[in-house]
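Please treat every number below as a calculation from the coordinates, not as lab data. As the structure is a prediction and not an experimental result, all values here were calculated from the model. Positions of Cβ are generated from backbone atoms using ideal geometry, with glycine treated the same way; all protein chains shown enter the neighbour counts.
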Amino acid sequence: MEFLSVPTPFFYIDEALLTRNLELLRSLIERSGCKILLAQKAFSMYSLYPLIGKYLHGTAASGLYEAKLGHEEMGGETHVFSPAYAEGGFDEILKICDHVVFNSFGQWQKFKEKALFAGRQCGIRINPECSTGSHAIYDPCSPGSRLGVTLENFRPELLDGISGLHFHTLCEQNADALIVTVKAVEEKFGKWLHGMKWLNIGGGHHITRPDYDIEALAGCIKRLREKYGVGIYIEPGEAVVLHTGFLVATVLDIVDNGIANAILDTSAACHMPDVLEMPYRPQIIGAGEPGEKPHLYRLGGPTCLAGDIIGDYSFDRPLQNGDRLVFCDMAHYSMVKTNTFNGMPLPSISIKRVSGEYEIVKEFSYTNFKRRL
């Protein structure tokens, strides 16, 4: 009854499932001696930062706004990386960030004096040119990538004041991909690691996935620490909240134009854009692949976009207006990407507490839509 009383669409995070992930991450910290930061680009639901902050060391930001959020709401260490920093916000970044990572030696030279005067630890992002993923849009090592310094462009004579190196090349991958990447990093940049205080191995590590080889990850981290005498940072975003979040929607209408289309009060384009960008097919509790169950529907949103399609799903019984559907794994890269195209209302945000109660922590209205424009 608690679940049915919350108006749809709404996101919710299961506190018990999140705690399970955090305990696994803490075990990695204890086993390997690394430090773990929450990558806020994947998950910025700061009402849960007090809980996350009990387990992790702080936050990683992609710019000023995320840096401020992590600094204000979680505390601990605040790290920032941006492909390029704007003059206007950089002074504020220096006030709140412990580590500032630069994407090029040009940016480092531009801001070096200010950053060192502020007493910040500064790093350079490197590009090992080692692609291990299958999604080109998420490959920072693709030819011509703007992200990170390649070996050809590396300037060791400008390393004075640099205390660490950073790389981020993975996306939803296991430890084997990291091991391949680390080999490339060592071959190209290893001789400069000996003079560093820290190495940040980025995110994309699917640590909390059931089949993840956490022992291999821990072993890789320990070997790097011992060989180079560096502290190791890791910045998971998705892994922190993997399999902890859900999006609940309601069937508004059934339209059969040769295909049974169920129109929902949620939208792929507005509420789960990675379904179209990645693309991928989210799981729904109780639903199956086409042909797996007797009743097939194409699920779509109520926007004017013809391609606002979530996917084809089969069900044990016919869908009816008012039925609720629960989409799985909707914590990462969902709430942070929502938009109000077509004037679509944003889903409310809630927490399913360990007690089973649903606590609504954020609701949106017409005012939120209007003020953005």
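Just a few scattered comments:
- For the stretch 43-100 versus the stretch 1-24, the inter-centroid distance based on Cα atoms is 25 Å.
- In this Cβ point-charge picture (+1 for Lys and Arg, -1 for Asp and Glu), the chain has a dipole of about 1000 debye about its Cα centre.
- Of the options (1) 67, 43, 42; (2) 72, 50, 35; (3) 102, 38, 37, only one is Cα extents along the principal axes in Å as computed from these coordinates, and that is (1).
- Charges were assigned to the Cβ only: +1 to each Lys and Arg, -1 to each Asp and Glu. The resulting dipole of the stretch 300-350 about its Cα centre is roughly 140 debye.
- Between the listed residues F81, A60, I29, the Cα displaced farthest toward the positive end of the dipole of the stretch 25-99, a dipole computed from Cβ unit charges relative to the Cα centre, is found at I29.
- Farthest toward the positive end of the dipole of the chain, out of G237, Q283, L18, is the Cα of G237, where the dipole comes from beta carbon charges about the Cα centre.
- Cross-link reach is defined here as a Cα-Cα straight distance under 20 Å, omitting same-chain residues fewer than 8 places apart; for K110 the lysines meeting it are K95.
- Taking the Cα centre of the stretch 1-92 as origin and assigning +1 to Lys and Arg Cβ atoms and -1 to Asp and Glu Cβ atoms, the resulting dipole is close to 360 debye.
- Rounded tilt (10° steps) of 105-117 against the dominant C-alpha axis of the chain: 80
- Alpha carbon convex hull of the stretch 203-294, volume per residue in cubic angstrom: 147
- Computed over the chain with a Gaussian network model linking Cα atoms closer than 10 Å, the most mobile of S27, S134, S348 is S134.
- Result for the chain in a Gaussian network model with C-alpha springs under 10 Å: among Y280, Y212, Y85, the largest mean-square fluctuation is at Y280.
- Scanning the chain for trypsin sites (Lys or Arg not before Pro) lying in DSSP loops with no more than 15 further Cβ atoms inside 10 Å, the longest uninterrupted stretch between such sites is 198-352.
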